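Visitor: There's a structure below that I have some questions on.
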Amino acid sequence: MEVLIPILAAAVRSGTPILYATLGEILTERSGVQNLGLEGLMLMGAFMGFSVTHATGNPWLGVVAAFVKGAAISLVHAFLSVSIGANQVVSGLAVAMFGTGASALLGRKMVGLTVTGFGKIPVPVLSGIPVIGPVFFDHDPLVYISYGLAFFLYWFIFHTRPGLNLRAVGESPIVVDAMGLSAARLRYVYTLVGGGLAAVGGSYLSLAYTKMWSEGMSAGRGWIAVALVIFALWNPVRAILGSYLFGGVGAMQLRIQAAGTSFPAPILMMMPYIFTILVLLVISVKKGKGILLGSPGALGVPYSREERT
Amino acid sequence: MKYRVVLRRRFKTGLLFEGVLPVLSVAVALVFAGGALSIFGVSPVATYRAMFRGALGSGYGLSEVVVKTIPLVISGIAVALAFRMKIWNIGAEGQIYLGALATAAVVRYFPSGNQAVMLLTMTAGAALAGGAWGYAAGFMKSRWNVNEVITTLMLNYIGLHLADYFIYGSWRDPSSLGFPMTPPFPPSARLPQFFGTRVHLGIIAAVILVLVFRLVIRWTRWGFEIRAIGDNPRAAVYSGIPYGRNVELVLFISGAIAGLAGMTEIAGLQGRLQPGFSPGYGYTAIIVAWLARLNPWAILVVSFFMGVLLVGGETIQVIMRLPLASVQVIQGCILFSVLGFEFFRNYRVFLVRKESG
């Protein structure tokens, strides 16, 4: 057990950026919009968070800047998906490309710099609990916020009136419009918030995880988050489990390599992706048997008020 | 005086419209990307000038553009085939890697001194391996309706790491001084190159594929089935066209074609398998197919244009010391712009004077 604790703690740390991005995408997809561009949003967030923190010395400002940047880029995706009714897969890929390119271009002068960023703040009392304490309550503040956010979003989506509207617009925008709410506005809001959260996840990488900027530092986490949304069945609390599972694979990878065993690294790096496919497979097989699993009915389908039928 | 905007659905577009719209959307994209570049502290004029001079300003640059056009055409056709049936093969990149991996395997385990034999076995191996990668997604889609966007995307990464596994492992060239790469291929396993440039036999394969794609989609029964499913899957199924079998078949063929791009790339250019030999051709192919609206002739043109961007990207990397990923800013802007202009394809916009009563 003693050996496992550092690995589990590392899984939480390594899973946190994925958790933020997954939570963001859950919100976006619950509203009926699919944003495949998380990888680009995370990279922009990582850059933005880093550069603002480097300039001001305040990592919180960095996180806020990352959120705003992520939301701003998602505005383009929202405009194309919601207002124009364009293809969301292609638009999402465009977000990913633009974010990857722009962050590389913007960050070229940041390479090699470091920031103080977020440090460990153990939670009093809770961090003293054996096993659970060091695994969950001996981290930086962004990790704690992500716990709160996941449970808050669960409560928000399933137990509040705005949450009900969110689920409704993802299932059937016509109904939401008939209720007198604007389906388009709801989708805009949640696409922006979702993109902002993905960027916050990226800023965790540059402000807490490595405390420096490097090109392409999200290293595929954004794509994993896209898949994790399905793994979590669009449920924020289940996203916690999924993120730490994938974070754990990442953490194990480093440890196994460091331990100098002969287990080939590429095989380990494949694992998250193979695992995602397997999970997707299980979910889809179950869905085929008529088990409802939370996939928004109108996901990825453009809606136009003028053309409802 | 008040005006309001009225939208009318557009059902037919003229030839002029079809010709002007893509050019206009790319032009707008270049302006937007230029704006983005200047915000990022890079002079757009200098960047564009360096890019186009590097790509089109010399015979060498031009030949390098053609070299990059080859894999883009091949994988663009691969992706377009699936898109025509509204199947999202985002996995061309992984299929390219599988094709290259199989090519290297054939060279390693079934070497032959005869170039024709070698070419045939490499082609078959690459097509089978890439096809298998596509088929995996197709099988899951047809059996259990597993979302192919996610599976093909994940298979990209699996394919990439699988190639790394061999390159960093048992296939590594012992005399490469620790660099991760397979030993160089024997001359019989290399594609001939033309005109003293790096333009290789793959160019013929690319042109043939364009012609075959046109023929199959337009004039064969299977092509008709693909178009029918792409236009209206439900109607196609009711009229007796097998959906599941076509999904599997199309993704197999699509993957096989993309695998071919992997083969021509390493047998035609590098002559060995190295990590990262494809600078995202499989992803750029998606832009190519989309921008070309799945039209095979347009795929040729758009691939060439993307080739210019890629060679231009390498030029600014060397001359202006900008990261290679900068090109993705331009590519992203092109996609955004094309998507935005789709609106004008679907709607006619009128300004109507409001009667103020």
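Visitor: Can you give the extra length, in nm with one decimal, that the chain gains between B:R221 and B:N114 once fully stretched, where that is 0.36 nm per residue apart less the Cα-Cα distance?
Guide: Separation in residues times 0.36 nm, less the Cα-Cα distance, equals 34.8 nm.
Visitor: Filter the trypsin sites (Lys or Arg not before Pro) in segment A:43-120 to those in DSSP coil with at most 13 other Cβ atoms within 10 Å of their Cβ, and list the result.
Guide: A:K120
Visitor: Averaging over all projection directions, find the projected area of the Cα convex hull of segment A:91-142 and quote it in nm² with one decimal place.
Guide: 6.0 nm²
Visitor: Further question: Multiplying the sequence separation of A:I267 and A:V111 by 0.36 nm and subtracting their Cα-Cα distance, what value in nm do you get?
Guide: Fully extending the segment from A:I267 to A:V111 adds 53.2 nm.
Visitor: Shifting gears a bit: On average, how many beta carbons from a partner chain sit within 10 Å of the beta carbon of a residue in B:334-345?
Guide: Whole-number average of other-chain Cβ neighbours for B:334-345 is 5.
Visitor: Something else now. Take peptide B:154-165, look around each residue's Cβ out to 10 angstrom, count Cβ atoms belonging to other protein chains, and average those counts.
Guide: Counting Cβ atoms of other protein chains within 10 Å of each residue's Cβ and averaging gives 6.
Visitor: Two-decimal Rg/Rh of segment B:192-286 from alpha-carbon positions, Kirkwood Rh?
Guide: On the way: Rg = 17.1 Å, Rh = 15.6 Å.
Reported Rg/Rh, Kirkwood definition of Rh: 1.10.
Visitor: Would you kindly derive the ³J(HN,Hα) couplings of segment B:277-291 from the backbone phi angles with the Karplus curve 6.51 cos²θ - 1.76 cosθ + 1.60 (θ = phi - 60°), listing them in order in whole Hz, with x for Gly and Pro?
Guide: Each residue's phi maps through the Karplus curve to give 5, 9, x, x, 3, x, 7, 4, 4, 5, 4, 4, 4, 5, 5 Hz.
Visitor: Computed FRET efficiency, Cβ-Cβ of A:K286 and B:L324, R0 45 Å: what is it to the nearest 0.05?
Guide: 0.60
Visitor: While we're looking at this one, here's another question. Once Rh is set to the Kirkwood radius over Cα pairs, what Stokes-Einstein translational diffusion coefficient, in µm²/s, holds for segment B:240-327 at a temperature of 4 °C and a viscosity of 1.567 mPa s?
Guide: 85 µm²/s
Visitor: Seen from all sides and averaged, what is the projected area of the convex hull of the Cα atoms in segment B:103-234, in nm²?
Guide: Mean orientational projected area (segment B:103-234, Cα hull): 11.5 nm².
Visitor: Right, something else. Cα centroids of segment A:162-219 and segment B:242-281: how far apart, whole angstrom?
Guide: After rounding, the separation between the Cα centres reads 34 Å.
Visitor: Tell me the net charge near B:Y97. Cut-off is 13 Å between Cβ atoms, B:Y97 excluded, with +1 for each Lys or Arg and -1 for each Asp or Glu.
Guide: With Lys, Arg at +1 and Asp, Glu at -1, the net is -3.
Visitor: Next question. Angle between the Cα long axis of helix B:44-56 and the longest principal axis of chain B, 0 to 90 degrees, nearest 10?
Guide: It works out to around 50 degrees.
Visitor: Could I ask something else about it? For segment B:155-213, state the semi-axes of the equivalent ellipsoid (square roots of 5 times the eigenvalues of the alpha-carbon gyration tensor), sorted largest first and rounded to whole angstrom.
Guide: Taking √(5λ) for each Cα gyration eigenvalue gives 29, 19, 8 Å.
Visitor: If I fit a long axis through the Cα atoms of helix B:92-109 and take the longest principal axis of the Cα atoms of chain B, what angle between them do I get, 0 to 90°, rounded to 10?
Guide: 10 degrees
Visitor: Between A:H159 and A:I129, what is the FRET efficiency for a Förster distance of 30 Å, r being their Cβ-Cβ separation, to the nearest 0.05?
Guide: 0.60
Visitor: Still on this model: Which translational diffusion coefficient, to the nearest whole µm²/s, is obtained for segment B:68-178 from the Stokes-Einstein equation, given a Kirkwood hydrodynamic radius over C-alpha pairs, 25 °C and 0.890 mPa s?
Guide: Details: Rh = 15.1 Å.
Diffusion coefficient, whole number: 163 µm²/s.
Visitor: Oh, and also: Given DSSP loops and a limit of at most 16 other Cβ atoms within 10 Å, what is the longest stretch of chain B that contains no such chymotrypsin sites (Phe, Trp or Tyr not before Pro)?
Guide: B:12-193
Visitor: Let me make sure I get this right: for segment B:6-119, a, b and c are the square roots of the gyration tensor eigenvalues over alpha carbons, sorted descending. Under 1.5 in a/c it's rounded, otherwise prolate if a/b > b/c, else oblate. Which is it?
Guide: Oblate shape, in that a/c is at least 1.5 and b/c is the bigger or equal ratio.
Visitor: What is the interface area between chains B and A, defined as buried accessible area summed over both chains with a 1.4 Å probe, reported in Å² to the nearest 100?
Guide: Buried area between the two chains comes out at roughly 4000 Å².
Visitor: So, one more: Would you calculate the convex hull of the Cα atoms in chain B and tell me its volume per residue in Å³?
Guide: Normalising the Cα hull of chain B by residue number yields 183 Å³.
Visitor: Continuing with this model, one more query. Rank A:P17, B:G76, B:V106 by how far each Cα sits towards the positive end of the charge dipole of the protein assembly as shown (+1 on Lys, Arg Cβ; -1 on Asp, Glu Cβ) and give me just the farthest.
Guide: Farthest along the dipole direction, towards plus: B:G76.
Visitor: If you bin every alpha carbon distance in chain A into 10 Å steps from zero, what whole percent lands in each bin?
Guide: Reading upward from the zero bin: 7, 27, 34, 23, 8, 1, 0.
Visitor: Same structure, new question: How far apart, in nm, are the 7 Å Cα→Cβ label points at A:V89 and A:A219?
Guide: Going by the 7 Å Cα→Cβ label model, 2.9 nm.
Visitor: Let me ask something else. Against the 2.2 N^0.38 Å scaling, with N counting residues, where does segment A:126-180 land? I'd like the Cα-based Rg ratio to two decimal places.
Guide: Taking N as the residue count of segment A:126-180, the ratio is 1.75.
Visitor: Which value, in nm² and rounded to one decimal, describes the direction-averaged projected area of the C-alpha convex hull of segment B:258-304?
Guide: So the mean shadow area of the Cα hull is 3.4 nm².
Visitor: Then there is this: With a ≥ b ≥ c taken as the square roots of the eigenvalues of the C-alpha gyration tensor of segment A:1-160, please select rounded if a/c is under 1.5 and otherwise prolate if a/b is larger than b/c or oblate if it is not?
Guide: Oblate shape, in that a/c is at least 1.5 and b/c is the bigger or equal ratio.
Visitor: Hey, how many Å between the Cα centroid of segment B:24-48 and the Cα centroid of segment B:165-229?
Guide: Answer, in whole Å: 33.
Visitor: If you don't mind, another one. For segment A:177-245, report the % of Cα-Cα distances exceeding 13 Å.
Guide: Every Cα pair in segment A:177-245 considered, those over 13 Å come to 73 percent.
Visitor: What is the spin-label model distance, in nm, from B:R172 to B:W297 if the labels are put 7 Å beyond Cα along the C-beta direction?
Guide: 5.1 nm
Visitor: Which of the helices in chain A, when you take each full DSSP H run, stretch at least 24 Å along the axis at their Cα atoms and have an average Kyte-Doolittle score of 1.6 or higher?
Guide: Those that clear 24 Å and a mean of 1.6 are A:265-288.
Visitor: Continuing with this model, one more query. Consider just the alpha-carbon atoms of segment B:183-240 and return their Rg together with their Dmax, both in angstrom.
Guide: 19.1, 55
Visitor: Going by a ≥ b ≥ c, the root eigenvalues of the Cα gyration tensor, does the protein assembly as shown fall in the rounded group (a/c under 1.5), the prolate group (a/b larger than b/c) or the oblate group? Working shown, then result.
Guide: Details: a/c = 1.41, a/b = 1.11, b/c = 1.27.
Note, shape of the protein assembly as shown comes out rounded.
The values are calculated or read from the model by the stated rules, or taken from the named source; none is laboratory data. Everything numeric in this text was worked out from a predicted model, so none of it was measured. As a convention, Cβ positions derive from the backbone with ideal geometry for all residues, glycine included, and neighbour counts pool all protein chains shown. These accessible areas exclude ligands, DNA and RNA; they are computed on the full protein's heavy atoms, side chains included. Shrake-Rupley method; radii C 1.70, N 1.55, O 1.52, S 1.80 Å.
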